[in-house]
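The values are calculated or read from the model by the stated rules, or taken from the named source; none is laboratory data. The structure presented is a predicted model; accordingly, all values stated were derived computationally and were not measured. Methodologically, a virtual Cβ is constructed for each residue, glycine included, from the backbone with ideal geometry; neighbour enumeration extends over all protein chains shown.
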Amino acid sequence: MSNDFLSLANKGVQKLHPYQAGKPTDELERELGLTDIVKLASNENPLGLSESVKAALQKELTELTRYPDANGYYLKQALADKYSVALNQITLGNGSNDLLELIARAFVDNSHEVMFAEHAFVVYPLVTQAIGATAVVVKAKDYGHDLEAMAAAITDNTKLIFIANPNNPTGTFLEQDEIKGFLNKVPSDVLVVLDEAYFEYASAERRGNAIAWIAEFPNLIVSRTFSKAYGLAGLRVGYCISHPDVADILNRVRQPFNCNALALKAAETILQDEQYLVDSVRLNDAGMKDLSAFFDANKLQYIPSMGNFITVNVGQSGDEVYQKLLLEGVIVRPITGYGLPQHLRISIGTEAENQRFKQALTRVLNLQ
Ligand SMILES: *Cc1c(COP(=O)(O)O)cnc(C)c1O
């Protein structure tokens, strides 16, 4: 007896494909019998978990029979202090992906349009399709957002616009005046999510403080994460800051315990660990310089990046080069699914990891 469960799923879900994550290191170990694998595929922090977080988590273990604080009071308090916002403007998520989905689910239905750019983060089309809403994908300009074209594409049905800054997987960056100019053109009943997952890596002079704009643009939601520069990807914790009324609505849709106790404690702890952030950014800057110089020397074109990754044109099938790099024990990210079939996205690693990548790519592409 066979049931056609696919036809039972709602129409948006029928067309979904599962998210393709970066290949886990132990999977490649199992497949190829390799050890000493370097993974530069998921924009994770190569520094490793901060010692301050390790100590805090150890202490928290004895509390794990209890439910976590459903409101994440202490973490919200720390974020409110850091960003000079009220507690009721903050929504916590099981990673910021959780929040992107929550925002779409709370505000969008299948009669609406959701807008984002070509080569933008894959979670935007995923959440749009799951709801059965219409995705409006606006052609990229120089691999990044074309905000003029996006403003022109707004219709009466537009409900939500996602902008990643810096963008993943291209690393492109929008200046503050460009974003403000765009917000001025967006009707006040259209929500704009500014996804700043890589905020901490972007130039401190140029990244500004979009959170402060929420007073002027109450339809703006700024989302950030502890997964990247704070090194907590495995714990799943992110946050968004919005008008309190928006946060109130998100809070109604949110699962009551969407952030677990260890994640809350770790995030609270790492916010106080300023040295970790300084070290993360410094390591990233050095690795970015190193890989850029390597690509320059080998005449490989790359997209200048403000994130913790760099996207390079390998001049041939990215999928094939990816497979060959796997045989060398180096996992990177092919991005054919993002409309960039000849590019690979390389997360910046430690000096030794970057070195392994450079050696592997040199062999695979027969560079000098
Ligand atoms: C990594 C990333 C996120 C954050 O993911 P988490 O769910 O917080 O781990 C969000 N947006 C973009 C563009 C990203 O690259």
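Some observations on this one:
- Scanning region 246-278 for residues that are charged (D, E, K, R), buried (at least 16 other Cβ atoms within 10 Å of the Cβ) and under 26 Å from residue 348 (Cβ atoms) returns a single hit, 273.
- Residue list for region 131-170, filter: outside any loop (DSSP other than H, G, I, E, B), free of Cβ contacts under 8 Å to residues at least 40 places away in the same chain and among the charged types (D, E, K, R): 141, 148
- Scanning region 302-324 for residues that are without any contact (Cβ under 8 Å) to a residue 12 or more places away in the chain and either farther than 25 Å from residue 206 by Cβ or out of contact with any strand residue (DSSP E or B) (no Cβ under 8 Å at 6 or more places or on another chain) (or both) yields 320, 323.
- Scanning region 94-118 for residues being away from the ligand (no atom under 11 Å from the Cβ) and part of a loop (DSSP other than H, G, I, E, B) gives a total of 6.
- Selection over region 201-240 of residues that are more than 17 Å from residue 167 (Cα to Cα), assigned to a strand (DSSP E or B), touching a residue at least 60 places away in the same chain (Cβ under 8 Å) and more than 11 Å from the ligand (Cβ to nearest atom) gives a count of 0.
- Qualifying position, being acidic (Asp, Glu) and over 24 Å from the mean Cα position of the chain (by Cα), among 29, 44: 29
- In the set 164, 78, 133, 104, only one residue is surrounded by fewer than 20 Cβ atoms within 10 Å (Cβ to Cβ) and of a type in the set (Gly, Ala, Ser); that residue is 78.
- Test: residue in region 189-204 that is exposed (fewer than 15 other Cβ atoms within 10 Å of the Cβ) and modelled with pLDDT of 95 or more: yes
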